[in-house]
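J.: Can you read through this structure? Questions will come right after.
The values are calculated or read from the model by the stated rules, or taken from the named source; none is laboratory data. Here the structure is a predicted model, which is why all the values come from computation and not from measurement. Methodologically, a virtual Cβ is constructed for each residue, glycine included, from the backbone with ideal geometry; neighbour enumeration extends over all protein chains shown.
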Amino acid sequence: MKTFPHTFLWGGATAANQVEGAYLEEGKGLSTSDVQPHGVFGEVVERVPGDAGIKDVAIDFYHRYPEDIALFAEMGFNCLRVSIAWTRIFPNGDDAEPNEAGLAFYDKLFDEMALHNITPLVTLSHYEMPWALVKNYGGWGNRKVIGFFERYARTVFERFKGKVKLWLTFNEINMSLHAPMTGVGLPADSSKADIYQAIHHQLVASALAVKACHEIVPEGKIGNMLLGGLMYPLSCKPDDVFKTLQENRSWQFFGDVQCRGAYPGYMLRYFRDNGFELTITDSDREALKYTVDFISFSYYMTGCVTADEALNNKARGNILNMVPNPHLESSEWGWQIDPLGLRTLLNVLWDRYQKPLFIVENGLGAKDKVEADGSINDDYRISYLNDHLVQAREAIEDGVELMGFTSWGPIDLVSASKAELSKRYGFIYVDRNDDGSGTLARSKKKSFGWYKEVIATHGASLKE
């Protein structure tokens, strides 16, 4: 019987700005997420304390984390991915001293996880940065932000070095190409040249964080985090195949830099061909040599690529604007469901980098119905996760070194794309609606018991 290794890390993944709430509590500053109340593609809205916004309370994890962690422990989690809100530590990004109240909150959070033998996997920057760094410096477009981030990273490494051994630098770092405000703090209409320069600064900052982690937490491991946007050619026409190679490289290049320590030749050609003259210093090149220990990634869907402009302009229904695959079904939000694509991606990344891999996001966003007796029969979520985990297990059989699996949103949370609570991912239901109404009470869905059994049996209970 095929099972996952007994050392496998099982759990779920969250982000501070999507679960914590308490958006200005105990000295926290405004983040880019706070000024995007309608999601990562939404307009920027200057906020004032006390105005309404679904993320302001989110699911109130900031005050309810002991209850939620106890539920995760009941499912058998031995790992929980969380993020630190940069603005809880340095409210403006350039503050002279860190905010002690923010550090103290994460001390308590990690202590609570330790009580339940749950290993923290901590993202330094998950779709948010101090809004003051955007207003006063121009976001990641300004080289000075590298230093601010490095200081933030060193501060939390020093504070939590005894409690956190697994770290990630930037969440879905390649997302900056699609949502520049969310990724690098640049306006949506920024030029590609400016976006790539900001991305370069972020890649340098990521490498310096790797260096700092290795110095301060020598027994720790630090990885990158990619949005796994695997593309297939729509046909076997050579033009489609080559364009697909280029599309996949557009996100793989982030992994190439973070795993190999230098820009690949195809990317340097892309910059030349498009007239992008990036400022890359000798010290930048030296910094980039500090490469990650492992590769983490999200996987939700695949898409297709075609060189045929007529087909290329078809209506699309997902976050990356992919050409739909005629052989796949889609979720309610137009995200195509492709479990085998996960096995393919795991093999592609393993073949490319030969570094341990970690699936840190995978899940199904759906509208859940609460029955009269309070039950929530989310068989569609069970089916989705079962089929993806089967393929992850097959990839291990293929020889892929896979560290763990943290499903996205083990508890319902505010979605990133549109800041909705109606798009639910969790094994745990949270009584809160898009308009902010609800009691915030937690209840178990059918998938709660299913995932608990999967973990307890090391995956033996999965159905082929």
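J.: Taking interchain pairs and intrachain pairs at least six residues apart, which have beta carbon atoms under 9 angstrom, with the first residue in region 241-253 and of a type in the set (Lys, Arg) and the second surrounded by fewer than 17 Cβ atoms within 10 Å (Cβ to Cβ) and at pLDDT 95 or above?
T.: Arg249/Pro264; Arg249/Tyr266
J.: Cβ-Cβ below 8 Å, separation at least six or inter-chain, first residue in region 141-162 and more than 18 Å from Met129 (Cβ to Cβ), second acidic (Asp, Glu): which pairs?
T.: As it stands, the answer is Arg159/Asp107; Phe160/Asp107, since those pairs meet every condition given.
J.: Residue check, Lys108 against (1) surrounded by fewer than 22 Cβ atoms within 10 Å (Cβ to Cβ); (2) over 22 Å from Gly12 (Cα atoms), all met but one. Which one?
T.: It fails just one condition, (2).
J.: Scan Ala132, Ala153 and give me the residue that is in a helix (DSSP H, G or I) and under 19 Å from His200 (Cα atoms).
T.: Numbers: Ala132 fails: under 19 Å from His200 (Cα atoms).
When all the criteria are applied, what remains is Ala153.
J.: Next question. Hey, can you tell me all the residues within region 51-88 that are over 21 Å from Glu26 (Cα atoms) and either modelled with pLDDT under 95 or part of a strand (DSSP E or B) (or both)?
T.: Result: Cys79, Leu80, Arg81.
J.: So is Pro130 in contact with a helix residue (DSSP H, G or I) (Cβ under 8 Å, 6 or more places away or on another chain) and within 21 Å of Ser190 (Cα to Cα) or not?
T.: It is true that Pro130 is in contact with a helix residue (DSSP H, G or I) (Cβ under 8 Å, 6 or more places away or on another chain) and within 21 Å of Ser190 (Cα to Cα).
J.: Being in contact (Cβ under 8 Å) with a residue 40 or more places away in the chain, farther than 27 Å from Gln391 by Cβ and among the hydrophobic types (A, V, I, L, M, F, W, C) is the filter; apply it to region 425-464 and report the residue that is surrounded by the fewest Cβ atoms within 10 Å (Cβ to Cβ).
T.: Leu440
J.: Hey, among Asp56, Asp94, which residue is over 13 Å from Pro130 (Cβ atoms), touching a Phe, Trp or Tyr at 6+ places or on another chain (Cβ under 9 Å), surrounded by fewer than 22 Cβ atoms within 10 Å (Cβ to Cβ) and without any contact (Cβ under 8 Å) to a residue 60 or more places away in the chain? Don't jump to the end; show me each part of the working.
T.: Values: Asp94 fails: over 13 Å from Pro130 (Cβ atoms).
Exactly one of Asp56, Asp94 is over 13 Å from Pro130 (Cβ atoms), touching a Phe, Trp or Tyr at 6+ places or on another chain (Cβ under 9 Å), surrounded by fewer than 22 Cβ atoms within 10 Å (Cβ to Cβ) and without any contact (Cβ under 8 Å) to a residue 60 or more places away in the chain, namely Asp56.
Table: residues versus (1) at pLDDT 95 or above; (2) crowded, with 18+ Cβ neighbours inside 10 Å.
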site: Arg343; (1), (2): yes, yes
site: Ile382; (1), (2): yes, yes
site: Ala392; (1), (2): yes, yes
site: Asp398; (1), (2): yes, no
site: Met403; (1), (2): yes, yes
site: Pro410; (1), (2): yes, yes
site: Val414; (1), (2): yes, yes
site: Lys418; (1), (2): no, no
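J.: Which number in (1) surrounded by 13 or more Cβ atoms within 10 Å (Cβ to Cβ); (2) at pLDDT below 95 marks the one condition that Lys314 misses?
T.: For Lys314, the exception is condition (1).
J.: Also, quick follow-up: Given the structure, is Leu166 touching a Leu at 6+ places or on another chain (Cβ under 6 Å), of a type in the set (A, V, I, L, M) and either under 26 Å from Asn78 (Cα atoms) or without any contact (Cβ under 8 Å) to a residue 60 or more places away in the chain (or both)?
T.: Working: touching a Leu at 6+ places or on another chain (Cβ under 6 Å): yes; of a type in the set (A, V, I, L, M): yes; either under 26 Å from Asn78 (Cα atoms) or without any contact (Cβ under 8 Å) to a residue 60 or more places away in the chain (or both): yes.
Considered against the rule, which asks whether it is touching a Leu at 6+ places or on another chain (Cβ under 6 Å), of a type in the set (A, V, I, L, M) and either under 26 Å from Asn78 (Cα atoms) or without any contact (Cβ under 8 Å) to a residue 60 or more places away in the chain (or both), Leu166 comes out as yes.
J.: State whether one or more residues within region 265-284 are touching a strand residue (DSSP E or B) at 6+ places or on another chain (Cβ under 9 Å), surrounded by 17 or more Cβ atoms within 10 Å (Cβ to Cβ), at negative phi and not polar (S, T, N, Q). Quick ask: steps written out before the conclusion?
T.: Initially, region 265-284 is screened for residues touching a strand residue (DSSP E or B) at 6+ places or on another chain (Cβ under 9 Å), giving none.
Checked region 265-284: no residue is touching a strand residue (DSSP E or B) at 6+ places or on another chain (Cβ under 9 Å), surrounded by 17 or more Cβ atoms within 10 Å (Cβ to Cβ), at negative phi and not polar (S, T, N, Q).
J.: So Ile319 passes all but one of these: (1) of a type in the set (Val, Ile, Thr); (2) within 21 Å of the chain's Cα centre (by Cα); (3) modelled with pLDDT of 90 or more. Which condition number does it fail?
T.: It is condition (3) that Ile319 fails.
J.: Considering only residues of region 184-215 that are polar (S, T, N, Q) and part of a loop (DSSP other than H, G, I, E, B), which is farthest from Glu277 (Cα to Cα)?
T.: Ser190
J.: Could you check region 10-24 and list, in sequence order, the residues that are at pLDDT 95 or above and more than 11 Å from Ile59 (Cα to Cα)?
T.: Within region 10-24, Trp10, Gly11, Gly12, Ala13, Thr14, Ala15 meet the criteria.
J.: From the set of residues in region 163-181 that are in a helix (DSSP H, G or I) and of a type outside the set (Gly, Ala, Ser), which is surrounded by the fewest Cβ atoms within 10 Å (Cβ to Cβ)? Don't jump to the end; show me each part of the working.
T.: If we filter region 163-181 for residues that are in a helix (DSSP H, G or I), which is where we start, we get 173-177, 180-181.
Narrowing the set further to residues that are of a type outside the set (Gly, Ala, Ser) leaves 173-175, 177, 180-181.
On the way: Ile173: 25, Asn174: 23, Met175: 25, Leu177: 19, Pro180: 24, Met181: 23.
Filtering first and then ranking leaves Leu177.
J.: Just checking, how many residues over region 347-380 are surrounded by 15 or more Cβ atoms within 10 Å (Cβ to Cβ), part of a loop (DSSP other than H, G, I, E, B) and of a type in the set (S, T, N, Q)?
T.: Total satisfying the criteria: 1.
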